Amino acid sequence: MAQAMKIAIVDDEQDMRQSISQWLALSGYDTEAFASAEEALKGIGSDYPGIVVTDIRMPGMDGMQFLKKLKSQDSSLPVIMITGHGDVPMAVEAMRVGAYDFLEKPFNPDRMTELARKATTMRRLALDNRALRRELSDGSALMSKLIGASPVMERLKEDLLDLGQADGHVLIEGETGTGKTLVAHALHAVGARASKKFVLISCQAYDEAALARRLFGPVDQDDPIPAMEEARGGTLVLEDIEALSRDSQARLLTAMNDQGTPGETRIVAICNLQDEGKTCESELRSDLFYRLAALRITVPPLRQRGEDILALFTRLSEQFAEEYGCDAPQVSAQEAAQLLQAPWPGNVRQLINVAERAVLQNRRGTGSIASLLMADEEVPEQAMTTEGKPLKEYVEAFERMLIDNTMRRHRGSIANVMEELSLPRRTLNEKMAKYSLQRSDYLE
């Protein structure tokens with residue numbers, strides 16, 4: 001769920017602080033008031049979760065000085081300036097320095113609310129993007145997003161850690177929706193180039209001429225630096241590498257050869273070919289293919305990940321439930337089996353959609369997981385087909401999910417879990433050990 005935005009109100013006049021606070025509070029905002037810029041600076045840091053509304057004329061540090069200080073801490077922080085009669089030239093100067101907007105006294109409260117709405121929306125987007133950039137540079141955070149303990153996922157994580165330390169170019173293959181781009185981010189983040197530039201280009205997003213310019217130049221106003229130069233020393237990820245024309249493939253190979261071995265820039269190619277008998281090898285020049293495929297990662301399809309499916313569904317449905325302000329659906333044994341048996345042609349991307357729709361259904365009190373799975377299939381009776389698995393595997397997967405969910409809901413309270421599941425302490429301990437569940441992981 002998105003964090004509620006705050007509004008810091010800074011004015012040396014108590015009546016003005018209170019009136020602005022009351023009006024914005026009535027409009028649904030979380031406000032905090034400060035009598036001086038010096039006092040406000042103690043509570044407003046570089047990642048302040050909101051915006052600032054400040055008077056220009058104040059004793060001590062005035063609004064202009066305050067604005068410059070705030071901008072030096074965080075250039076993306078929206079600051080709305082309040083001006084008195086005759087201060088408009090100063091307000092215009094404030095806009096030049098970086099103020100979001102200004103209001104002249106006496107101002108229309110509705111105008112204040114509208115400015116606050118737009119500024120907080122912009123601030124939330126800036127903070128979300130900042131958090132994403134930090135996350136994408138944090139190898140441990142990215143690895144944690146690769147949820148699952150199935151053998152194929154453990155092997156994928158091991159490959160990432162190994163290949164992350166290597167210098168060679170990498171080819172990532174896998175079905176659509178398996179998370180190949182996330183894997184590329186993780187590969188960069190766990191490697192020696194983590195602090196260097198990460199550039200991602202979708203080869204399908206450009207026509208042939210535009211893609212050649214984006215990769216190699218000459219530059220234009222929209223893309224001032226060719227991607228090969230922009231990523232120098234870091235990682236260049238080429239999604240849909242099979243979309244490269246033969247001419248662009250030749251230029252890419254020449255650029256890679258010019259860099260020597262190991263290459264100054266690491267190329268990570270993502271291939272999305274899956275049908276019609278085409279492969280990445282058949283669509284690329286053989287010399288380019290073998291350069292890129294010196295190191296290869298195959299991202300496993302969801303249907304091969306066993307009980308990871310239940311762990312992913314649980315995590316996703318909890319996240320969507322928090323976002324929509326409702327309870328996550330409780331999965332029955334039959335529904336758990338259906339999730340495990342579904343063919344998942346859309347892989348993790350499809351599972352995300354099913355989890356969101358399941359939460360929305362649960363909020364309305366209608367529908368079932370089975371109906372969602374069948375709705376994703378052209379032929380409903382094929383929705384539950386899969387390779388045969390022993391009943392014991394389904395039972396154990398459901399049992400693990402049930403204990404995990406209950407432990408999470410009760411924040412690691414063994415007594416509450418024992419009571420809800422009607423299990424004696426010894427049996428619960430044995431099953432937690434069997435499924436590698438640790439009580440410490442649920443404590444808050």
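Selection within region 45-66: residues that are buried (at least 24 other Cβ atoms within 10 Å of the Cβ) and over 19 Å from THR113 (Cα atoms). The member of this set that is modelled with the highest pLDDT is PHE66. Take the conditions modelled with pLDDT of 90 or more, open to solvent by 30 Å² or more (accessible area, probe 1.4 Å), part of a strand (DSSP E or B) and closer than 29 Å to ASN353 by Cβ and apply them to LEU182. Does it pass? Spelling it out, it is not the case that LEU182 is modelled with pLDDT of 90 or more, open to solvent by 30 Å² or more (accessible area, probe 1.4 Å), part of a strand (DSSP E or B) and closer than 29 Å to ASN353 by Cβ. From the list LEU252, LEU236, LEU273, the lone residue that is crowded, with 20+ Cβ neighbours inside 10 Å and either at pLDDT below 90 or not in a helix (DSSP H, G or I) (or both) is LEU236. Every condition in (1) touching a residue at least 40 places away in the same chain (Cβ under 8 Å); (2) over 17 Å from THR54 (Cβ atoms) is met by THR120 except one, and the failing one is (2). Across region 80-116, the number of residues qualifying as in contact (Cβ under 8 Å) with a residue 60 or more places away in the chain and either surrounded by fewer than 19 Cβ atoms within 10 Å (Cβ to Cβ) or under 20 Å from PRO49 (Cα atoms) (or both) comes to 4.
One line per residue, one yes/no per condition, for (1) surrounded by 12 or more Cβ atoms within 10 Å (Cβ to Cβ); (2) under 21 Å from the mean Cα position of the chain (by Cα); (3) modelled with pLDDT of 85 or more:
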{"residue": "THR120", "(1), (2), (3)": "yes, yes, yes"}
{"residue": "ARG123", "(1), (2), (3)": "yes, yes, yes"}
{"residue": "LEU132", "(1), (2), (3)": "no, yes, no"}
{"residue": "SER137", "(1), (2), (3)": "yes, yes, no"}
{"residue": "LEU142", "(1), (2), (3)": "yes, yes, no"}
{"residue": "SER150", "(1), (2), (3)": "yes, no, yes"}
{"residue": "ARG155", "(1), (2), (3)": "yes, no, yes"}
{"residue": "LEU163", "(1), (2), (3)": "yes, no, yes"}
{"residue": "ALA166", "(1), (2), (3)": "yes, no, yes"}
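Being acidic (Asp, Glu) and either part of a loop (DSSP other than H, G, I, E, B) or within 20 Å of LEU284 (Cα to Cα) (or both) is a description that does not apply to GLU229.
Flag not set for GLU318, criterion: modelled with pLDDT under 90, closer than 19 Å to GLU242 by Cβ and part of a helix (DSSP H, G or I). Of all the numbered requirements in (1) acidic (Asp, Glu); (2) farther than 28 Å from LEU288 by Cα; (3) modelled with pLDDT under 90, GLU114 misses one, and that requirement is (3).
Suppose the filter is at pLDDT 90 or above and surrounded by 14 or more Cβ atoms within 10 Å (Cβ to Cβ); does SER76 pass it? Spelling it out, it is not the case that SER76 is at pLDDT 90 or above and surrounded by 14 or more Cβ atoms within 10 Å (Cβ to Cβ).
Any residue at all in region 194-213 that is of a type in the set (Lys, Arg), open to solvent by 30 Å² or more (accessible area, probe 1.4 Å) and touching a strand residue (DSSP E or B) at 6+ places or on another chain (Cβ under 8 Å)? Within region 194-213 (the criterion being of a type in the set (Lys, Arg), open to solvent by 30 Å² or more (accessible area, probe 1.4 Å) and touching a strand residue (DSSP E or B) at 6+ places or on another chain (Cβ under 8 Å)), the answer is yes, since at least one residue qualifies. For region 255-263, the criterion of being modelled with pLDDT of 90 or more and open to solvent by 30 Å² or more (accessible area, probe 1.4 Å) is met by no residue.
Applying the selection to region 50-82, what residues are closer than 15 Å to GLU13 by Cβ, assigned to a loop (DSSP other than H, G, I, E, B) and touching a helix residue (DSSP H, G or I) at 6+ places or on another chain (Cβ under 9 Å)? Correct list: ILE56, ARG57, MET58, GLY60, ASP62. Residues in region 1-24 that are under 18 Å from ARG123 (Cβ atoms), open to solvent by 40 Å² or more (accessible area, probe 1.4 Å) and among the small types (Gly, Ala, Ser): ALA2, ALA4.
For region 426-444, enumerate the residues that are among the basic types (Lys, Arg) and either in contact with a helix residue (DSSP H, G or I) (Cβ under 8 Å, 6 or more places away or on another chain) or within 13 Å of GLU396 (Cβ to Cβ) (or both). The answer is LYS431, LYS434, ARG439.
The values are calculated or read from the model by the stated rules, or taken from the named source; none is laboratory data. Please read these numbers as outputs of a predicted model, since none were measured by experiment. All Cβ positions, glycine included, derive from the backbone under ideal geometry; neighbour counts span all protein chains shown. What goes into the accessible areas is simple: the full protein's heavy atoms, side chains included, and nothing from ligands, DNA or RNA. Shrake-Rupley method; radii C 1.70, N 1.55, O 1.52, S 1.80 Å.
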